[in-house]
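First comes the structure, then the notes that go with it.
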Amino acid sequence: MFQSFNIIILFFISIISAKDAVEVLQFENFGYSGSYSKVGQINNIYEDSCSCSLDSTPVAFSGINTPLNEEVSVHFRGPLVLNKFASYVSDGFKYGDDNSGNWNRLSYYDADEQTADNVTFLTRAGKNSSCLGLGLTYADKDGISKANSSTILAKDTLINSNDEYVIFSNLTCQSSGSNNDCGVYRTDIPAYKGFAGAVKMFLFEFQMPNETHTSSKISNYNMPAIWLLNAQIPRTAQYSNNVNCSCWRSGCGEFDIFEIMNTTEYLHLYSTVHDYQGTDQIETGLAISDYIERDLSGTMVGGVAFDSNGDVTVWISNSTSFDQSVNASSVNSWIKNDKDSATTTLSSASLASATGGSSSSKKGDGMSYKPSILMNLVALLTMWIL
């Protein structure tokens with residue numbers, strides 16, 4: 001009898017946990033009613049007594065694409081070469097509707113042409129703080145060294161495993177302060193605004209080659225990623241062990257667009273949302289079970305669009321263009337692929353935020369693994385059968 005049970009379990013696991021390579025990944029019903037705690041004070045940055053405290057008044061949010069309707073920064077981890085980047089906003093784009101709002105480009109970077117508009121490359125090459133970690137500085141043309149002023153990446157710049165840089169807009173922040181436009185932030189960094197708007201789109205042309213330059217013993221070996229963070233996070237502490245030094249733990253928002261999540265699946269690019277919409281496991285987040293295939297030898301072109309209906313779509317398509325203005329029908333043609341797509345509908349429920357643990361995502365430990373909802377069903381099914 002137990003042998004029969006084992007056969008049944010293996011059968012259901014093979015079906016339920018099966019994951020497919022697709023070209024389109026989509027979250028439906030993105031956005032909910034919730035709140036997060038922003039950093040209210042940072043003290044003694046370079047002293048042993050370095051500390052942070054959260055503001056006593058939570059930041060409430062609700063509506064489509066929340067909390068990532070706020071300003072976001074765009075992050076990159078190697079091995080990766082960024083050829084092009086662009087950000088867009090729309091006055092009402094709705095997935096599948098060719099007559100809805102068109103897209104207007106607000107920022108652009110082209111490595112081949114060595115042109116950039118409304119972008120600032122920063123990297124974690126600043127001084128180290130016991131409670132905040134490494135500070136942001138201007139990135140030099142290699143993406144990881146410190147520069148004295150805003151510099152764009154050189155053509156064909158390759159960053160290796162565990163190396164990162166981030167793109168902000170070129171709009172500078174007011175001085176650090178709870179009531180100012182960028183809130184409280186680390187005062188020894190070049191502080192810039194992120195990319196705002198509930199209905200926005202980011203496009204990328206990039207390469208993710210196999211790692212050949214660094215040791216396999218380092219964190220995040222051969223695990224490239226492109227992701228979004230609430231822009232408050234890197235301005236305070238992206239990788240801090242102090243939960244009071246970042247709004248990340250309380251759910252101000254992270255969205256992983258293209259991410260290798262573990263070394264055993266180094267060809268699988270997943271999309272994951274990290275907040276408290278339908279889950280209290282913010283570090284695990286909610287990932288779509290299917291994936292986009294990583295191309296080790298070619299160039300990948302695609303992006304992510306947050307539409308006016310709460311649909312967030314990630315895609316890869318060679319038809320993707322970086323024009324100054326892009327009409328709705330063009331974007332729909334890039335992402336409309338019902339036969340090669342995967343969709344996850346998010347719950348509208350907001351679950352209470354956790355109070356312990358680290359203050360930022362686990363992208364720094366190289367061991368992240370995010371089981372899908374289907375895998376959780378496998379576990380429940382196994383318990384029921386036994």
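Nothing in this text is a laboratory measurement; each read-out follows from the coordinates by a stated rule. Keep in mind it's a predicted model, so treat the numbers as computed, not measured. Neighbour counts run over all protein chains shown; Cβ positions are idealised from the backbone, glycine included.
So the values come out like this:
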{"item": "Calculated from backbone phi, Karplus (6.51, -1.76, 1.60) coupling profile of region 209-214 in Hz, x at Gly/Pro", "result": "x, 4, 6, 9, 10, 10"}
{"item": "Positive-end extreme of charge dipole, the chain - chosen from ASN128, HIS268, PHE30 (charges on Cβ)", "result": "ASN128"}
{"item": "Charge context of SER100, other residues only, Cβ under 13 angstrom, K/R +1, D/E -1", "result": "-4"}
{"item": "The chain, relative contact order in percent, only Cα pairs under 8 angstrom and at least six apart counted", "result": "25"}
{"item": "Ratio Rg/Rh, restricted to region 6-158 and using Cα atoms, in which Rh is the Kirkwood radius", "result": "1.07"}
{"item": "Per-residue Cβ neighbour rank within 10 angstrom, fewest leading, LYS94, LYS155", "result": "LYS155, LYS94"}
{"item": "Dimensionless Rg ratio for region 130-254, taking C-alpha atoms and the 2.2 N^0.38 Å reference", "result": "1.13"}
{"item": "Rounded to the nearest 20 debye, dipole of the chain from Cβ charges on Lys, Arg, Asp, Glu", "result": "700"}
{"item": "Relative compactness, the chain, computed as alpha-carbon Rg over 2.2 N^0.38 Å", "result": "0.97"}
{"item": "Share, in percent, of DSSP beta bridges within the chain that are antiparallel, nearest 5", "result": "90"}
{"item": "Gain on full stretching of the segment that runs from ASP98 to LYS127 - 0.36 nm per residue minus C-alpha separation", "result": "5.6 nm"}
{"item": "Charge tally in the Cβ shell below 14 Å around CYS252, where Lys, Arg are +1 and Asp, Glu are -1, CYS252 excluded", "result": "-2"}
{"item": "Total formal charge among the other residues, if their Cβ is under 15 angstrom from that of SER130, Lys/Arg +1 and Asp/Glu -1", "result": "-1"}
{"item": "Ordering of 34-41, 124-131 by packing [mean C-beta count within 10 Å, highest first]", "result": "34-41, 124-131"}
{"item": "Separation between Cα centres of region 178-214 and region 120-175, rounded to whole Å", "result": "10"}
{"item": "Estimated inter-spin distance, LYS336 and ALA21, nm [label 7 Å along Cα→Cβ]", "result": "2.6"}
{"item": "Backbone N within region 74-97 under 19 Å of label point (7 Å from LEU296 Cα along the Cβ vector)", "result": "78-81"}
